[in-house]
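First the structure, which I've put down as structure tokens, then a few questions once you've had a look.
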Amino acid sequence: MRQWIVYGMAAGFLTACGTESENGNGGTNGDDSDASGVITDDNETDGEEGMTVIAESLDSPWAMQQINDEWLITERDGGFISIVNGEVTEQDLQLSDEVVQQGESGLLGFVLDPDFEDNQIAYMYYTYESTDGLANKVVQVSRDNDTWTEEEELIEGIPGAATHNGGRLAIHEGELYATTGDAEEPEWSQDTENLAGNILKMNLDGTLPDDMPFEDSYIWSYGHRNPQGLAWLDNGTMYSSEHGATALDEINLIEPGNNYGWPDYEGDETSNDTVAPVIHSGDDTWAPSGLAAHDDWLFMAGLRGEAVYQFDTEAENLEEYIEDYGRIRDVLVMDNNLYFLTNNTDGRGTPDDTDDKLIEVEIE
């Protein structure tokens, strides 16, 4: 049985665990400077800033959701946990296929139905072994106490691989979105008959919405390499964060039917038929993952970048907001608080003996 340490009050200083490590991008994080407003673990005002460790000793956490006083967290190896008032409970997953964790694959995205309190329904994205090899699926699950049962496959057969599986799920205005990676086959991202390298959209029952840009297709946008974050501003503008091949990580403004260029175009390169990112990392590497919106800001998790980044969508300016906690997998904003998951136990980080952690900080 794994052991967790869970906190219900502001924590003391955390041990820094940030080192450069492989993330599949092949780039480096070349910006070691302190940006204005950066929160670090050697800043003596951490406690005063409201930094709180909610839980630690997690195992490669990937996605998180909160409902009332409960946190629900997927772990890449197939683990699924609940945290309520300091008590951690392993959840029982009854899925139609076994979760396969190879490299970056496994139990990934998770999102609660907007009516979860009434219907106890949620959605998961996970990797399984199909007749053609690794694949991913989006499923609907229902909860009965601590048991979650797969009720319906919404999409199956999404191409999978040891890397580039995408995996983020998000719900906006009653519709479900999923990011998919190119499954190590870059040319698939330009094939609108293939579900790899896309952002997908569907109704919550898995049917196609009426406003899809391609006939009889779940594809909302294409030409993506490995998108892992989705967020919407209050005005409905949609953004996604995406891994580049060698540096050139991206934040993209997503519109239906757009082609975001991979593998033909990266960075500022574009054509009449493709869309360039609103910002990219140039020669540096963020290795972006989860994305969250707050006012006109985006908060982005950085894996190899080992930071939570803050992006001003009006000024199109990005800086490090939180650093020195190692690899960051997911971010979530509620009210005026930012929550983030470290990911130092994913095989590419340098974990300390209390990693991984779920941490809360008040947004300045």
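Here is a yes/no grid of residues against (1) crowded, with 20+ Cβ neighbours inside 10 Å; (2) in contact with a strand residue (DSSP E or B) (Cβ under 6 Å, 6 or more places away or on another chain):
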residue: S57; (1), (2): no, yes
residue: M64; (1), (2): yes, yes
residue: Q101; (1), (2): no, no
residue: L108; (1), (2): yes, yes
residue: D115; (1), (2): no, no
residue: Y123; (1), (2): yes, yes
residue: V139; (1), (2): yes, yes
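Could you tell me how many of the residues in region 155-172 are in contact (Cβ under 8 Å) with a residue 60 or more places away in the chain and on the phi > 0 side of the Ramachandran plot?
Looking only at that region, the number is 3.
Further question: When region 197-235 is examined, which residues are found to be over 17 Å from L169 (Cβ atoms) and part of a strand (DSSP E or B)?
Y222
Which one is farthest from I73 (Cα to Cα), of the residues in region 156-196 that are among the small types (G, A, S) and part of a strand (DSSP E or B)?
G157
Further question: Which one is surrounded by the fewest Cβ atoms within 10 Å (Cβ to Cβ) among residues in region 182-219 that are under 13 Å from P256 (Cα atoms) and under 18 Å from the mean Cα position of the chain (by Cα)?
K201
While we're on this one: Output yes when any residue across region 143-158 is under 18 Å from the mean Cα position of the chain (by Cα) and either under 22 Å from P209 (Cα atoms) or surrounded by fewer than 23 Cβ atoms within 10 Å (Cβ to Cβ) (or both), and no when none is.
Yes, the conditions are met somewhere in region 143-158.
Condition first: surrounded by 16 or more Cβ atoms within 10 Å (Cβ to Cβ), polar (S, T, N, Q) and in a strand (DSSP E or B). Now tell me which residues in region 271-321 satisfy that.
S289, Q310
Taking N344, is it farther than 23 Å from I279 by Cβ, without any contact (Cβ under 8 Å) to a residue 60 or more places away in the chain and of a type outside the set (D, E)?
Against the criterion (farther than 23 Å from I279 by Cβ, without any contact (Cβ under 8 Å) to a residue 60 or more places away in the chain and of a type outside the set (D, E)), N344 does not qualify.
Which pairs turn up if I take residues in region 275-291 that are within 9 Å of A247 (Cβ to Cβ) and look for partners that are of a type in the set (G, A, S) and surrounded by fewer than 20 Cβ atoms within 10 Å (Cβ to Cβ) with beta carbon separation below 7 Å, at least 6 apart in sequence or on another chain?
H280/G267; D283/G30; D284/G30
Continuing with this model, one more query. Just the residues that are out of contact with any helix residue (DSSP H, G or I) (no Cβ under 9 Å at 6 or more places or on another chain) and of a type in the set (A, V, I, L, M, F, W, C), please, taken from region 173-202.
Within region 173-202, L176, A178, A183, W188, I199, L200, M202 qualify.
Where a number appears in this text, it was derived from the coordinates with a stated rule and is not lab data. Quick caveat, the model's predicted, so the values are computed rather than measured. Note that each Cβ is placed from the backbone with ideal geometry, even for glycine, and that neighbours are counted across all protein chains shown.
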